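Here the structure is laid out as structure tokens; the discussion comes afterwards.
The values are calculated or read from the model by the stated rules, or taken from the named source; none is laboratory data. Computed from a prediction, not measured in an experiment: that's the story for all the values here. Positions of Cβ are backbone-derived with ideal geometry, glycine not excepted, and every protein chain shown enters the neighbour counts.
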Amino acid sequence: MPQGFSFKESVVYAAEPCATLQGVNRPELLPKTDAATTPVIDVARILTNSQERELATYISEIEAASKVRVRVLTQTFPNTPGLAIRDYWKPDGRTVIYVHDTGGLGEGYVVNFNAGAEVEKMKPLTYWRQVQNTYGNRYYIR
């Protein structure tokens with residue numbers, strides 16, 4: 001894994017009955033397009049094509065202004081690319097991955113942020129948790 005990035009394993013674990021948690025690794029769910037030109041992966045299929053293009057344009061503007069890589073993954077756990085996302089996007093210390101899980105990861109949250117070390121220096125982990133707790137819980141979304 002690239003130095004300075006900690007991909008939160010809790011995003012991609014699947015529970016098996018009477019077994020320990022196993023990491024999900026499903027690269028077949030990733031698009032065949034070049035990762036450098038694919039900032040949005042809509043596995044959950046919650047975005048229209050125009051919404052996905054608009055979001056990609058907005059992400060491009062954010063990246064140009066902030067020099068932080070932003071990536072968006074939608075999924076419905078356990079239907080997730082899981083750990084394969086690391087090999088695809090190759091996140092580093094200046095990467096933020098926003099995960100929107102319509103299945104809620106088996107929790108009350110539908111949003112998760114994975115921020116690289118340099119990004120956490122700009123906005124610490126407590127910031128990302130506060131955003132998640134405020135806007136990413138099922139109560140707020142409904």
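Points to keep in mind about this one:
- Test: residue in the stretch 5-27 that is farther than 19 Å from ARG94 by Cβ, at pLDDT 90 or above, under 15 Å from the mean Cα position of the chain (by Cα) and not in a strand (DSSP E or B): yes
- One residue stands out among those in the stretch 60-82 that are assigned to a strand (DSSP E or B) and of a type in the set (A, V, I, L, M): the one that is nearest to ASN25 (Cα to Cα), which is LEU73.
- If only residues of the stretch 92-126 that are part of a helix (DSSP H, G or I), modelled with pLDDT of 85 or more and within 16 Å of the chain's Cα centre (by Cα) are counted, the one that is surrounded by the fewest Cβ atoms within 10 Å (Cβ to Cβ) is ALA117.
- The set of residues in the stretch 28-55 being part of a helix (DSSP H, G or I) and surrounded by fewer than 15 Cβ atoms within 10 Å (Cβ to Cβ) consists of GLU28, ALA36, THR37, ASN49, SER50, GLN51, ARG53, GLU54.
- Condition met for LEU29 (of a type outside the set (Ser, Thr, Tyr), over 23 Å from THR134 (Cα atoms) and touching a Phe, Trp or Tyr at 6+ places or on another chain (Cβ under 8 Å)): no
- Annotation note: Cβ proximity below 7 Å between a residue of the stretch 111-133 that is closer than 14 Å to GLY93 by Cβ and a residue that is assigned to a helix (DSSP H, G or I) (sequence gap 6+ or interchain) occurs for ASN114/VAL11; ALA115/TRP128.
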